[in-house]
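For reference, the structure discussed in these notes is given below.
The values are calculated or read from the model by the stated rules, or taken from the named source; none is laboratory data. Remember, predicted model here, so these are calculated numbers, not experimental data. Cβ sites come from the backbone with ideal geometry, for glycine too, and all protein chains shown count toward neighbours. SASA here: full protein model, heavy atoms, side chains in, ligands and nucleic acids out. Shrake-Rupley method; radii C 1.70, N 1.55, O 1.52, S 1.80 Å.
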Amino acid sequence: QVQLVESGGGSVQAGGTLRLSCAASGRIFSVNVMGWYRQAPGKQRELVAAINSGDFTNYGDSVKGRFTISRDNAKNTVYVQMNNLKPEDTAVYYCNARLKLYAYSAWTNYWGPGKQVIVSS
């Protein structure tokens, strides 16, 4: 069984920094894309940042230049460094991983339980 274990997050004032980490554990054959999404109250879940196994990255427009995603393939872990945080970054942040359990299985998306990030003005 696969688990995505998230850590980090919390509360910070505007302009501050936070770091989120997410480790995929369990019987995993291969991990393709790992990333972070967020959902604020009353809004749809949106992409924060994603990174594939070749370190190609993709960022949501609202976080470009402020957030940096990275990963440790050996540990199946993804990180997002969040700088210059703004009140509008307040949301629950969800880790996502697209992975295979076996060589012959399909790529499947898994989600973490979410971490709250609160940015006060």
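Look through VAL63, VAL80 and report the one residue that is in contact with an Asp or Glu (Cβ under 8 Å, 6 or more places away or on another chain), at pLDDT 95 or above and among the β-branched types (Val, Ile, Thr).
On inspection, the qualifying residue turns out to be VAL63.
Please work out if GLY16 is assigned to a loop (DSSP other than H, G, I, E, B), open to solvent by 50 Å² or more (accessible area, probe 1.4 Å) and either hydroxyl-bearing (Ser, Thr, Tyr) or modelled with pLDDT of 95 or more (or both).
Spelling it out, it is not the case that GLY16 is assigned to a loop (DSSP other than H, G, I, E, B), open to solvent by 50 Å² or more (accessible area, probe 1.4 Å) and either hydroxyl-bearing (Ser, Thr, Tyr) or modelled with pLDDT of 95 or more (or both).
Provide a single number: the residues in region 19-41 that are more than 11 Å from the chain's Cα centre (by Cα) and either in a loop (DSSP other than H, G, I, E, B) or basic (Lys, Arg) (or both).
6
Of the conditions (1) touching a Lys or Arg at 6+ places or on another chain (Cβ under 6 Å); (2) loosely packed, with under 13 Cβ neighbours inside 10 Å, ASP55 clears all except one; give me its number.
(1)
Which residue is most open to solvent (accessible area, probe 1.4 Å), if the candidates are limited to region 27-52 and must be of a type in the set (Gly, Ala, Ser) and free of Cβ contacts under 8 Å to residues at least 40 places away in the same chain?
So, considering only residues that are of a type in the set (Gly, Ala, Ser) and free of Cβ contacts under 8 Å to residues at least 40 places away in the same chain, the one most open to solvent (accessible area, probe 1.4 Å) is GLY42.
I'd like the full set of residues that are closer than 18 Å to ALA23 by Cβ, small (Gly, Ala, Ser) and surrounded by 14 or more Cβ atoms within 10 Å (Cβ to Cβ), limited to region 71-121.
ALA97, GLY112, GLY114 - these are the residues of region 71-121 that are closer than 18 Å to ALA23 by Cβ, small (Gly, Ala, Ser) and surrounded by 14 or more Cβ atoms within 10 Å (Cβ to Cβ).
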